[in-house]
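Heads up: the structure comes next, in C-alpha cells.
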C-alpha cells in the first residue's frame, strides 16, 4: 500500500496560535493515516478523511517499538489527540472495520503492547518504525 503526504488531515497549533504542520501520510485508499508528532502537543484530526464508519486510534512509541490503543472513534468530524508522555510519537489511525493489528508489527507478529503481550497478527501491517 502506498502512502501520500496529507497536510490537510491534521491541525496543530504552537503556543503563539500559529498553525504547525506535522509529518503526515495517508494510504492511497484512505484506510490509514500516520502522523509523526515530535513532542507532547495536542493535534486535531479530521476523521472524515479516513474511510469507514469508525477509526481505531493508536499511539506508537518509536523509541520502544510499542503500541498503545487510544480507542475507537466515529468518522463524523474532528478529534483531538495528545500523547500521554513526553518524547516523539506516531499517531496511527486505521479504518476499524479492517481489524488491523497494532502498528509496529511485521507479517505474522504483533508488537509488544503496553501490557507486555505479543500475539500473532490476523493481518499484515507495514512496519512503520522502520519508515520513520
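The values are calculated or read from the model by the stated rules, or taken from the named source; none is laboratory data. Because the structure is predicted, anything quoted here is derived from the model rather than measured. Using ideal geometry, Cβ is built from the backbone for each residue, glycine included, and neighbour counts are taken over all protein chains shown.
Residue under question is residue 24, and the condition is that it be outside any helix (DSSP H, G or I) and in contact (Cβ under 8 Å) with a residue 60 or more places away in the chain; does it hold?
No, not satisfied.
Scan the range 103-115 residue by residue and report those that are farther than 21 Å from residue 28 by Cα and either assigned to a strand (DSSP E or B) or at pLDDT 95 or above (or both).
109, 113 - these are the residues of the range 103-115 that are farther than 21 Å from residue 28 by Cα and either assigned to a strand (DSSP E or B) or at pLDDT 95 or above (or both).
With the requirement that a residue be more than 20 Å from residue 95 (Cβ to Cβ), within 13 Å of the chain's Cα centre (by Cα) and assigned to a loop (DSSP other than H, G, I, E, B), what does the range 39-72 give you?
Across the range 39-72, the qualifying residue is only 62.
For the range 78-102, what are the residues that are over 20 Å from residue 28 (Cα atoms) and touching a strand residue (DSSP E or B) at 6+ places or on another chain (Cβ under 9 Å)?
78, 79, 80, 81, 82, 83, 84, 85, 87, 88, 89
Condition first: over 15 Å from residue 30 (Cα atoms), touching a strand residue (DSSP E or B) at 6+ places or on another chain (Cβ under 8 Å) and touching a residue at least 40 places away in the same chain (Cβ under 8 Å). Now tell me which residues in the range 49-77 satisfy that.
Hits for the range 49-77 are 58, 60, 62, 66, 67, 68, 69.
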